[in-house]
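A quick write-up on the structure given underneath.
The values are calculated or read from the model by the stated rules, or taken from the named source; none is laboratory data. Computed from a predicted structure; not experimentally measured. Counting neighbours? That spans all protein chains shown, and the Cβs are built from the backbone with ideal geometry, glycine included. Side chains are part of the model used for accessible areas, which takes the heavy atoms of the whole protein and leaves out ligands, DNA and RNA. Shrake-Rupley method; radii C 1.70, N 1.55, O 1.52, S 1.80 Å.
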Amino acid sequence: MSRLVDQARSLSPAGWTVLPRLLWPLVVGVVIAGLIQFVIGPNISGFTSKVMLVAGINIIMAVSLTVVNGFTGQFSMGHAGFMAVGGYVAATITYYGSIKLFGTADFAGGTVSWTGAGAFEGPIVGKGDLLFIGSCIVGGLAAAGAGYIVGLPSLRLRGDYLAIVTLGFGEIVRVLLQGTPDQIQPWKAKEALDVPWYELLLKLGGPKGFNLLPTYTTLFWVYLFVVLTLIVSYRLKNSSTGRAFLSIREDEIAAQAMGVDVTRYKVRAFVLASFFAGMAGGLYAMDIGAINAGDLGFQRSFDFIIMVVLGGLGSISGATLAAVILTILPELLRDLPPIWPAGLVLLAGMAAAQKLRGQWRLRPLIVVAVLTAVLEIARRVCVAKGINIADYRLILYASLLIVMMLSRPQGLFGVREAWELFGRGGKKPAKGAA
Amino acid sequence: MNDQSPYVLDVDEISIAFGGLKAVQSFSMRIPRQGLYGLIGPNGAGKTTCFNLLTGVYRPDKGSVRVDGEPLTGLKPHQIAAKGLSRTFQNIRLFGELSVLDNVKLGSHLRGSHSLGGTVLRSAGYIGQERAIEDRAMDLLSIFNLAGRAQEQAKNLPYGDQRRLEIARALATEPKVLLLDEPAAGMNPQEKIELRTLIRQVRERFKVAILLIEHDMGVVMNLCEHITVLNFGETIARGTPEAVQNDPKVVEAYLGTE
């Protein structure tokens, strides 16, 4: 047998072909984000667009956590901590950067970032946008650095122990950030000009949070990052690196025996996931114009874990769908619409999936039908009696999660992707390129 | 690479104790190129512990192991795999949720380089390597008559196929020495005969030395050129199958004394 490296060289495509493969994700990202921002955006209510924004950020968080918890099977409970690191770094660069470079902490972006009322006169992309995107990327890198520092020693631990260390990390980040000095308020921007950089960047507002940040995050930026995160994660999953991740989850001892450097790949997954979480943190901070470490404690980490588990450990499309559902669900429960249409759609989808697979299983269909009927009747009773469902929405939300975990413990899609569920006997052969 | 050494695997007096239990004591073994050696002994004799010592799962308290003249002392399991020592497991350890093909592809992992940038950007080098890995994996699967099941999840294969897939995966690492831990366990007589042919073919085709642990005397005595017998961690006999079969100590270990 010839050596793998030689064989690989003879099978490599020409060097220039990397360009289209490099560019299409960017083009697709810009097109989709542009459509959402400029075509869908103006036609939906402010509330809907806010929910979409949060859903997008949650998708990035859930998909990145999938790389650690889903692919490598390591249980990280500190994902919100990385979001906080990235968010604060991005916020401090954008806020104090604006003050130092532009003289004020006001918005200095273009049309893509304009969230205020009325039409915006100005360029499509402004100088503030570049500062904002740069700061998000630096935030991601800072979070990745934190991931490396936490990951290198702690990823030798297994299971519960790793979970405790990551949980502790998240809390340490929260406490440290809450101990930072007061921020320099926007109306005192002139004072900030005399303070040196290294001191300025640490004035993060402490327990009051870091407020009055310029808001740049729009549907465009969020969904651009969502598309890129999805493509990068999918490319990772279908690669030798992704196989190494999955082998660690399946059987660590066998993975080592096959020559996979287990610690190295765990750290790799951790660093990557932290990078995306850090960027999402930047988007989050510049969406509401404030970031508070108190909101990014372990409860937030659990939200993301729930999304990953619900979607199916290791499924990118599952995590995406779960992030969307779990963002919308609490909002839907405020003012409950009729349930039976959703039930019908679900039933039809399941029936179609079963027909495609050629095997009929009646029990899940009956369960869904009965559940829909019961919920619909309960809803009508509540409406007739004038009971406000919104008061009970968190109980409903929790019960739905329990039902889901009892009926489908492997999550929505298990380890597979949505489209692979419809094929016969697993995924189609992957041919190197994607 | 040290071509002067006639032995591809050279184990020199390795020992390990777990607390007071001396699991393996002064175990030595030399396997020539493309040798087919056997390691037998009653249950609990320390055979699998020997494999774990060779592959770095445990570190020996004393002694040294060399592959092709290169010492393995202090190396981690994945580094030892890279030096050319690959193994299968007594209780099959496949990556169950992954496809049969992906299992074999993972065997090629240590022969490639996997940069994150190349992976995410789908560089030309990355794609070439991915194609090469796939081609090699498919070749191996055809040799083992598993090509038709390449896309199935490994956990869904019948038992005999899983054993063969483990051997295929181990061979994908391009080893110099292949360690097989009870390859015939759970097989019926027909499968055992096929396994004997397969192991001989593997040795010829992949030019590897093979060391196998086996309880089935039919397989061991028929296949191996040289056998080492362990009992309570100590080597009690070594030699050709005939010599070992007639050794009074071996008979005693297996059947007891009168």
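Entry for chain B at q = 0.13, 0.14 Å⁻¹: log10 I(q)/I(0) = -0.86, -0.98, Debye formula applied to identical alpha-carbon scatterers, no solvent contribution. With a Förster radius of 22 Å applied to the beta-carbon distance between A:Ala348 and A:Leu406, the computed FRET efficiency rounds to 0.40. Springs between Cα atoms under 10 Å define the GNM used for chain B, and in it the highest mean-square fluctuation of B:Gly239, B:Gly19, B:Gly160 occurs at B:Gly19. Using Cα positions and a limit of under 23 Å, work out the lysines in reach of A:Lys355, with same-chain residues fewer than 8 apart set aside. Here the lysines satisfying the reach criterion relative to A:Lys355 are A:Lys427, A:Lys428. Of the residues in region B:128-154, those shielded by at least 50 Å² of accessible area once partner protein chains are present, compared with the chain alone at a 1.4 Å probe, are B:Glu130, B:Arg131, B:Glu134, B:Arg136, B:Gln151. Straight-line cross-link partners of A:Lys203 among the lysines, defined as a Cα under 25 Å from its Cα and at least 8 positions apart when in the same chain: A:Lys100, A:Lys127, A:Lys188, A:Lys190. For the residues of A:236-244, the average number of beta carbons from a partner chain within 10 Å of their own beta carbon is 6. Accessible surface calculations at 1.4 Å, restricted to protein heavy atoms, place chain A at 46 Å² per residue. Applying Stokes-Einstein at 37 °C and 0.692 mPa s to the Kirkwood radius of region A:1-119, computed over alpha-carbon pairs, gives a translational diffusion coefficient of 172 µm² s⁻¹. Chains A and B together bury roughly 4500 Å² of accessible surface, counting both sides and using a 1.4 Å probe on protein heavy atoms. Note every residue of region B:69-88 with a reduction of at least 50 square angstrom in accessible area, all protein chains present versus the isolated chain, computed with a 1.4 Å probe, or write none. So the qualifying set is B:His78. Modelled spin labels at B:Gln201 and A:Lys100, positioned 7 Å past Cα toward Cβ, are 6.9 nm from each other. Given R0 = 45 Å, the distance between the Cβ atoms of A:Glu171 and B:Thr257 translates into a calculated FRET efficiency of 0.10. Simple spin-label estimate for A:Glu191 and A:Tyr392 gives 5.2 nm between the two label positions (7 Å along the Cα-to-Cβ direction from each Cα). For region A:1-75, trypsin sites (Lys or Arg not before Pro) are listed when DSSP marks them as loop and at most 15 other Cβ atoms sit within 10 Å of their Cβ; the list is A:Arg3. For the residues A:Trp221, A:Trp419, A:Trp16, A:Trp24, a 1.4 Å probe over the protein chains yields an accessible-area ranking, largest first, of A:Trp16, A:Trp419, A:Trp24, A:Trp221.
For region B:98-172, which whole percent of the accessible surface, found with a 1.4 angstrom probe, sits on carbon and sulfur atoms? Reported share for carbon and sulfur atoms: 50 percent. Taking B:Leu54, B:Leu146, B:Leu98 in turn, the Gaussian network model of chain B (Cα-Cα springs below 10 Å) assigns the largest fluctuation to B:Leu98. With a Förster radius of 56 Å applied to the beta-carbon distance between A:Arg380 and A:Trp16, the computed FRET efficiency rounds to 0.35. Inter-chain Cβ neighbour count for B:108-115, averaged per residue, equals 6 (cutoff 10 Å, partner chain atoms only). The DSSP beta bridges internal to the protein assembly as shown are antiparallel in roughly 60% of cases. In this simple spin-label approximation, B:Ser15 and B:Gln190 carry label points 7 Å from Cα along the Cα→Cβ vector, and these lie 5.0 nm apart. Averaged over the residues of A:245-256, the number of partner chain Cβ atoms lying within 10 Å of the residue Cβ comes to 6. Nonpolar atom fraction for region A:182-285, defined as the carbon and sulfur part of the 1.4 Å probe accessible area, stands at 62 percent. Based on protein heavy atoms only, region B:98-172 ends up with 29 Å² per residue of surface accessible to a 1.4 Å probe.
From largest to smallest, the equivalent ellipsoid semi-axes obtained for the protein assembly as shown from the alpha-carbon gyration tensor read 55, 30, 24 Å. Within the full protein context, the accessible area of A:Phe275 is estimated at about 50 Å² for a probe radius of 1.4 Å. Checking every one of the trypsin sites (Lys or Arg not before Pro) in region B:204-258 against DSSP loop status and a limit of 14 other Cβ atoms within 10 Å picks out B:Lys207. From helices alone, chain A scores -21000 deg cm²/dmol at 222 nm; the rule is -39500 (n - 2.57) for each run of n ≥ 4 DSSP H residues, then divide by the residue total. Given the C-alpha centroids of region B:185-217 and region A:158-198, what is the distance between them in whole angstrom? Value for the Cα centre distance between the two parts: 61 Å. When the trypsin sites (Lys or Arg not before Pro) in region A:326-422 are filtered for DSSP coil states and for at most 12 other beta-carbon atoms within 10 Å of their beta-carbon, the remaining sites are A:Arg334, A:Arg361.
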